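Peer 1: Mind having a look at this structure? Questions to follow.
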Amino acid sequence: MNTEFSVENEYDLANLIYKIGIRMSLYQSLPSVDKILKTADGVTLITEFGHSAVVNICRQLIEQGRESIKNENKLPHFFTDFKYTIETIRNKLQQQQQVNIQSVYNLTGTVLHTNLGRALWSEVAQQAALTAMQQNVALEYDLDTGKRSHRDHYISELLGQLTGAEAACVVNNNAAAVLLMLATFAQGKEVIISRGELIEIGGAFRIPDIMQQAGCKLVEVGTTNRTHLSDYRNAINENTAFLMKVHSSNYQICGFTKSVSEQELVKLANEFNLPVITDLGSGALVDLSQYGLPSEPTVQEKWAQGVDLISFSGDKLLGGPQAGIIVGKKAWIDRLQSHPLKRALRCDKVILAGLEATLRLYLQPEKLSEKLTALYLLTQPVNELLAKAEQLKTALQEKLGTDYLLQIEDSSAQIGSGSQPLAIIPSVAVTISTEIPGKLTALLQRFKRLPQPIICRVEKEKIWLDLRSLASLALLLETVKQL
Ligand SMILES: *Cc1c(COP(=O)(O)O)cnc(C)c1O
């Protein structure tokens, strides 16, 4: 029974009538949509945001008002004064336009963080992309002849200069590159791959699944830890499309191991007139060991070893936009370019402009660690990070007071994106700990609620703010003021 309205005597009845009266008058005090729209403030809102959006928000608020009267016998705060009503409508209309893919500070220590958007674009790439967004560009137009050209043309030429490869093909990402290679050369045929290379990359990219999608038959050879050249040789038959190598980017097989190098594989494949294809994953275009970083195999190295097609990502170590790049022999690239799937997987002008600008930086290798943001972050000297950590610690100390203990500690950063998962890059972090229960979680919440949230690591009951992956200390210090 609804006890609020139960009537047992005259007193209850009087009370009930009183309550109904209040409720009625509350309902009556709700404004109508029309009434709101006809006020001067309503007209201003319509001029600014358009009629339909304002009407929608008004309806929502009035509905909320009714719910509040029904459930709580009172008006919500925003209907207690018309000034609040207008303010609430305006806020809601502004919120509608706020992009949820918002900027955050990456203090995780993982420089190429997939969940945070991987590589930051270099200045020149941003400029090129902006131009392509705002203006018409010679995307598929040859300015010399006035004829139609190919959208991958410039990038293909550049990659030729940089890697020695004969041609290139650009698609949406490396997963798409692998799919396109399989679909073009191996539909209805067999692809031979070592059991040690049947990888899964994050986000459900599994080599066996991609094979199935592309309509080819996966022929696994060897074992998880050991695969010999003879394993490949024994698996080759008249239905074999190619031999495939996949770079084990995000894991390592250690101990009693044997894998077959591209060089050996190419020699075998040549006997049977078969191509060798390598999915290189991150695909560095420079030797990272010259910067003291853990080295990844380079694209040039694989091409020199005779691999026919090499695929890699644009937004991993390359430091550019999300893209999948395939370089290799012209005859094979031409076939990729004319496959119908290429049309579905191709990149847009903004990405291609950003990628071209990124690749041009590689033509001036001595300037690379200064101009390519990803490499700049990875190669920052520890003493510079230490100076940044001092500044961050001071700024935080001011805001956090005595409840928290702040320290500067050595930290271990990572490249990220599956590059060298075991390799650690020396770094510096501001760590925050506290004795007071619940305070650490509370602080993490405060970090997340900042206009530009701080994303960090929690380890050993401490918050770790790792400076290696941070793009701009100046901006962060501004934001910390609002903590
Ligand atoms: C990262 C990676 C992929 C997927 O590349 P995306 O550009 O993220 O699609 C495929 N293969 C390997 C070996 C990788 O490391």
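Peer 1: Based on the alpha-carbon gyration tensor of the range 123-371, what equivalent-ellipsoid semi-axes (square roots of 5 times the eigenvalues) come out, in whole Å, largest first?
Peer 2: 31, 21, 16
Peer 1: Subtracting the Cα-Cα distance from 0.36 nm times the residue separation, let me have the gained length for Lys19 to Ser32 in nm, one decimal.
Peer 2: Computed gain between Lys19 and Ser32 is 2.4 nm.
Peer 1: Could I ask something else about it? Quick one: Debye curve from the alpha-carbon atoms of the range 64-138 only, equal weights, vacuum; give me log10 I(q)/I(0) at q = 0.14, 0.23, 0.26, 0.27 Å⁻¹ to two decimals.
Peer 2: Log10 I(q)/I(0), no solvent term: -0.74, -1.10, -1.15, -1.15.
Peer 1: Given a cut-off of under 8 Å on Cα pairs at least six residues apart, what relative contact order in percent is computed for the chain?
Peer 2: 19
Peer 1: In units of 2.2 N^0.38 Å, what is the alpha-carbon radius of gyration of the range 51-182?
Peer 2: 1.85
Peer 1: Further question: Please give the per residue accessible area of the chain, computed with a probe of 1.4 Å over protein heavy atoms only, in Å².
Peer 2: 51
Peer 1: In addition: Could you pull out the pairs from Lys329/Lys367; Lys388/Lys481; Lys217/Lys267 whose alpha carbons sit more than 18 Å apart here?
Peer 2: From Lys329/Lys367; Lys388/Lys481; Lys217/Lys267, over 18 Å: Lys329/Lys367; Lys217/Lys267.
Peer 1: Going by Cα centres, the range 217-258 and the range 288-358 are how many Å apart?
Peer 2: Using only Cα atoms, the two centres lie 23 Å from each other.
Peer 1: Would you kindly derive the ³J(HN,Hα) couplings of the range 447-456 from the backbone phi angles with the Karplus curve 6.51 cos²θ - 1.76 cosθ + 1.60 (θ = phi - 60°), listing them in order in whole Hz, with x for Gly and Pro?
Peer 2: Running phi through 6.51 cos²θ - 1.76 cosθ + 1.60 with θ = phi - 60° gives 4, 6, 8, 5, x, 10, x, 9, 10, 9 Hz.
Peer 1: While we're here: On the first, second and third principal axes, largest extent first, how far apart are the outermost C-alpha atoms of the range 106-164 in Å?
Peer 2: Extents along the principal axes, in whole Å: 50, 33, 18.
Peer 1: Between Thr39 and Asn225, how many nm apart are label points set 7 Å from Cα along the C-beta direction?
Peer 2: So the two model labels end up 7.6 nm from each other.
Peer 1: Using a 1.4 Å probe on the protein heavy atoms, what percent of the accessible area of the chain belongs to carbon and sulfur?
Peer 2: 50
Peer 1: Tally Lys and Arg at +1 and Asp and Glu at -1 over the other residues with C-beta under 15 Å from the C-beta of Asn100: what net charge comes out?
Peer 2: Net charge in that neighbourhood comes out at +2.
Peer 1: Given a 1.4 Å probe and heavy atoms of the protein chains only, how would you sort Tyr105, Tyr141, Tyr376, largest accessible area at the top?
Peer 2: Tyr141, Tyr376, Tyr105
Peer 1: While we're here: Assuming R0 = 22 Å, what is the FRET efficiency of Val124 and Ala474, from their Cβ-Cβ distance, to the nearest 0.05?
Peer 2: Working from the Cβ atoms, E equals 0.55.
Peer 1: List the pair-distance distribution P(r) of the range 205-347, using every Cα-Cα distance, as the percent of pairs falling in each 10 Å bin from 0 up to the bin containing the longest distance, rounded to whole percents.
Peer 2: Reading upward from the zero bin: 10, 37, 39, 13, 1.
Peer 1: Regarding the range 7-97, what's the average projected area of the Cα-atom convex hull, expressed in nm²?
Peer 2: For the range 7-97, averaging the hull's shadow over all directions gives 6.2 nm².
Peer 1: Rounded to the nearest 10 degrees, what's the angle between the helix 174-186 long axis and the longest principal axis of the chain, both from Cα atoms, 0 to 90?
Peer 2: 50
Peer 1: Can you compute the modelled spin-label distance between Asp410 and Ile436, with each label point 7 Å from Cα toward Cβ, in nm?
Peer 2: Label-label distance for Asp410 and Ile436, simple model: 3.3 nm.
Peer 1: If one takes the longest principal axis of the Cα atoms in the chain, at what angle in degrees, from 0 to 90 and to the nearest 10, does the Cα axis of helix 10-29 lie?
Peer 2: Tilt relative to the chain: about 60 degrees.
Peer 1: Quantify how much of the Cα-Cα distance distribution of the chain extends past 45 Å, in percent.
Peer 2: I get 35 percent for the Cα pairs in the chain exceeding 45 Å.
Peer 1: Quick one: net charge of Ser433's neighbours, Cβ under 12 Å, K/R +1, D/E -1?
Peer 2: -2
Peer 1: Calculate the radius of gyration of the Cα atoms of the range 270-347 to one decimal place, then report Dmax, the largest Cα-Cα distance, as a whole number, both in Å.
Peer 2: So, for the range 270-347, Rg and Dmax equal 13.9, 43 Å respectively.
Peer 1: Now a separate question. How would you order 290-299, 64-73 from highest to lowest mean count of nearby Cβ atoms within 10 Å?
Peer 2: 290-299, 64-73
Peer 1: How large is the charge dipole for the chain, taken about the Cα centre, if only the Cβ atoms of Lys, Arg (+1) and Asp, Glu (-1) carry charge, to the nearest 20 debye?
Peer 2: Once rounded to the nearest 20, the dipole reads 540 debye.
The values are calculated or read from the model by the stated rules, or taken from the named source; none is laboratory data. As the structure is a prediction and not an experimental result, all values here were calculated from the model. Cβ sites come from the backbone with ideal geometry, for glycine too, and all protein chains shown count toward neighbours. Heads up: the accessible areas ignore ligands, DNA and RNA and are worked out on the full protein's heavy atoms, side chains in. Shrake-Rupley method; radii C 1.70, N 1.55, O 1.52, S 1.80 Å.
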